[in-house]
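Heads up, the thing below is written out as C-alpha cells.
Just so you know, all these numbers are worked out from the coordinates, no wet-lab data involved. Keep in mind it's a predicted model, so treat the numbers as computed, not measured. For neighbour counting, all protein chains shown are included, and Cβ atoms are generated from backbone atoms with ideal geometry for every residue, glycine included.
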Amino acid sequence: MTLTVARTPRLDVGDPAQKRAEILAYFRNTWDVYERLFDVMARDEAYFRRADPLRHPLIFYLGHTAVFFINKLVLAKMVGERVNPRFESIFAIGVDEMSWDDLNEANYDWPTVAEVWEYRKQVRAVVEQVIADLPLELPVTWDDPMWVILMGCEHERIHLETSSVLIRQLPLDLVRPRPDWPICTRSGEAPANELLDVPGGRVVLGKDRRHPLYGWDNEFGRLEADIPAFRASKYLVSNAEFQEFMDAGGYTTRKYWTDEGWSWREYKKAEHPLFWVRTGGGWRLRCLAEEIPLPRDWPVEVNQLEAKAFCNWKAAVTRKPIRLPTEEEWYRLLDHTGIPDQPGWEKAPGNINLALHASSCPVTDHVTGGFGDVMGNVWQWTETPITGFPGFEVHPLYDDFSTPTFDGKHNLIKGGSWISTGNEATRDSRYAFRRHFYQHAGLRYVESDAQVKIREDIYETDDLVAQYCEFHYGAEYFGVPNFPKRAADLCAELCRGRRIDRALDLGCATGRSTFELARFCEHVTGIDFSARFVRVGIEMQEKGYIRYAIPDEGELVSYHEKTLAQFGLEGLQDRVEFWQGDAHNLKDQFTGYDLVLACNLIDRLYDPARFLTQIAGRVNPGGLLVILSPYTWLEEFTPRDKWLGGIKVDGENVTTLEGLRARLAGAFEPVGEPRDVEFVIRETRRKFQHTLSQLSAWRRM
C-alpha cells in the first residue's frame, strides 16, 4: 500500500504536549485517508448515484463524517458556532435503515460536490484549532474533552470501510482504479479446508474505563464465560468452497435457510454472493474499482443469512454440528492463537489496517497458531446478536451508537477486514450489522455440540429510558394525571373546532404524547434528540407493546409491560412517525405544521431563542405552538447568557414567560392564559419528583 495508516493511539502514556501532537497527527491521518478513498470516484455523478437502496448516496457520507465532528463539538459545548447549519442537519443522520433514518431522496436537495469539499476544508480547520486549544491531561478517558476528537476520528474510520462497500456497488464506469488502492495480484487454487481443535477455556470480554485505547460504549463492561472445546475451520471459507454450496443448489434449497434468510433470498432473488459477477466465461469478482477473474482462494464475502445457510448445508453434508462461531468462541480462538492487540503489533497480524492490499488476498497468506486470518482479510460473521455487556453505559455524547442495534436484528462481525483501521482493528472492537447487510465480511465455521445462547435484553433496563417509560406509560401517582396524555388533551382543547392535518411533538421522549395527539391529528411527527427514547416509541408503534424494568429499592426491580391497547391507542400507529433530531437544527422536511407541542424542552436547549426564531417558519399561519416547561434553567444545558428568564436585566426580574413573549412577538400572539400542569416522575418505589410545568399557547400570525 502507498497509504500510511496510523494506529489508534494509546491514551495513558506520554506527556501532554507529545500526546496532543500524536492526536493531531491521528486526526490528520484519519481525515486524509478518508478523503483519498474518494479519489476512485470517476466523476461527480458517482456521488449522487444510490449504490444501495438501503443507504444514502455517497455525497451524504462525504459530508457526514465532517458534520459528525461539528455536531458533537457543539453538543459538548466545545465550539460555540456552527459552520453550516443546513449541512449539519441534512448530513447528520442516515447510516442504517433504522426507522428514524430518512432515506427518502425527495426530502433532499443535495449540495454540489465542490460545496461539500469546501465544507470539509472549513471543518478541518475548526477541529485542528480545537485540538490545539483543548485542555489535556493523561490518561485521556471518555469524560475528557479530547475523547470527542477521538470519537470523531474512529467514527470516520468506520465510514472509510462502509463507504468502500458502497463504492464496490457503483457501476464500473463511475469509478477508476487508483495507485493508492492496489488490489492483491495473487490467486490460485483454494486449499482444502479442515477443522482443527480449539481447547476450551475461560474468555473475558469487555474492558474497563482504565483501558489505554479509545472504545465505543458497547465495548465497556465485563462478561466472563467458560467455553467448551470446539473445532474451527483452519481457513476462512474461500470462494471455491462456497461455490460447492452453490453448485449443490444451496440458494434454491429452502431447508438450509432460516425463515428470515429465505424471505430475504426470495425478495432479492439472490443466486450468488453480491460481489460475484456472472459472465459468459465464468465468474468475476467486483473489487473496489475494478473487476477481476474470481480468485478461488480468496475468502467469500456474504451477508450473515448466506453464511448461516452455508453452515446449515455443511452440517447436512458432513452430518456434524456445523455453525457460525459465537462471539465468545471467536475470542477463545483469538486467545488460542496468541495474536497481540493493536497498537502493540510489530507488524499487522494479517491483511488489516490497509497494511497490505486494498482487497482480500489468499486465505493461506496469514496463518497464526495453525489458523488463517483470525484477524483481517474479511470480517467474520457470528451467531451472536449484539447487546451490551453487564455494566454497559451509553456515552452521553453519542447515545445512538449502540442502543439502536440492541434489537436482536444486528449480528456481530469479528476480526476486521483489509480496510479495518483504528478501533476496528483492535481486540475489543464490537461492530454489528443487520443480517442482510453487506460489509467486507465472510465466515469461518465451527463444529460444536454446545448450545448457542443468545444474550438479549427482553426488558428495557437503561435507567433513564426505563424511568421515562414509566413516566409516559406507567401508573399515575398521588392523583396526578399522566403528563404526556394531559399535555395532548390540553392541545385538543386549544384546537377544538380546527382541523389538524399535521402536528409536531418536539421532545417526544418515549412517545406517549405523540400517540395521544394522533387521537385528533391526522398525522403526528415525534422528534427527540435521544435515540434511546425514540427507539421506545418505534418499538411501541411496531409491536404495540413495550417492556421495561424499574428500580424498587436497592438491587430490587419490578418488571412491566404496557400496550397501546390498554390506553385505547391501538389503530393509531399509521398516523404517527418517530425521528431522531435536534430541535435547534431540524431538517427542512419538518415544516408545515398546524400544531407544535414542545413539552419540557425549552429549558433543556442550548440556544432556546434560536429555536423560537426557527420554529416560527415551521408553523402554518393560524397554527399553534404549545410550550410546557418548569423553567428549570441549568448551565449544564443552557449557558446563562441564553436563558430566556429567571434572570435580572438592568436590575429588574425577568421571568421566562416574559422572555417567551418578547422572543415570540411579531410571529406569534398568545392564546388564553398560561396554566400550570403538574407531573410526577417515579425514581424508586419511595422516591418521586413532583414538578409544576407551565403551559403557554401561541398562535402563528
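Structure summary
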| read-out | value |
| --- | --- |
| Test item: Cα-centred dipole of the chain, Lys/Arg +1 and Asp/Glu -1 on Cβ, debye | 940 |
| Volume per residue of the C-alpha convex hull in the stretch 244-287, rounded to whole Å³ | 88 |
| Distance cut-off 18 Å, percentage of C-alpha pairs in the stretch 208-285 lying past it | 65 |
| Net charge contributed by nearby residues that have their C-beta within less than 14 Å of K687 (K/R +1, D/E -1) | -2 |
| C-alpha long axis of helix 531-543 to longest principal axis of the chain, angle in ° | 80 |
| DSSP bridge orientation in the chain - percent antiparallel, rounded to nearest 5 | 70 |
| Residues whose placed amide H lies under 5 Å from that of A441, excluding near-sequence neighbours | V302, W379 |
| All-pairs Cα distance distribution in the stretch 269-379, expressed in whole percent, bin size 10 Å | 12, 34, 37, 15, 1 |
| Share antiparallel - DSSP beta bridges, the stretch 195-447, percent rounded to 5 | 90 |
| For the stretch 398-451, diffusion coefficient by Stokes-Einstein and Kirkwood Rh (Cα), 10 °C, 1.306 mPa s, µm²/s | 122 |
| DSSP-assigned coil residues among trypsin sites (Lys or Arg not before Pro) in the stretch 277-364, each with at most 11 further Cβ atoms within 10 Å | R319, K347 |
| Protection-proxy order for peptides 197-209, 40-52, each taking the mean of Cβ atoms within 10 Å per residue, highest first | 40-52, 197-209 |
| Footprinting exposure proxy for W330, W643 (fewest neighbouring C-beta atoms within 10 Å first) | W643, W330 |
| Unpaired by the 4.7 Å Cβ criterion, cysteines found in the chain | C153, C287, C311, C469, C491, C495, C508, C521, C599 |
| Farthest positive-ward along the stretch 463-700 dipole, Cα basis, beta-carbon charges - from N653, W643, Q573 | Q573 |
| Per-q log10 I(q)/I(0), the stretch 195-447, q = 0.09, 0.13, 0.14 Å⁻¹ (Debye; single scatterer per alpha-carbon; no solvent) | -0.38, -0.82, -0.96 |
| Set of lysines near K268 by C-alpha distance (under 28 Å), chain-local residues within fewer than 8 positions excluded | K255, K308, K314, K409, K414, K543 |
| Separation of the S263 and D588 label points, Cα + 7 Å toward Cβ, nm | 3.6 |
| Rounded if a/c under 1.5, otherwise prolate or oblate - the stretch 463-700, Cα gyration tensor axes | oblate |
| Cα lying deepest toward the dipole's positive end in the chain, options Q380, A425, S89, charges on Cβ | Q380 |
| Cα gyration tensor shape of the stretch 542-633, rounded if a/c is under 1.5, else prolate or oblate by comparing a/b with b/c | oblate |
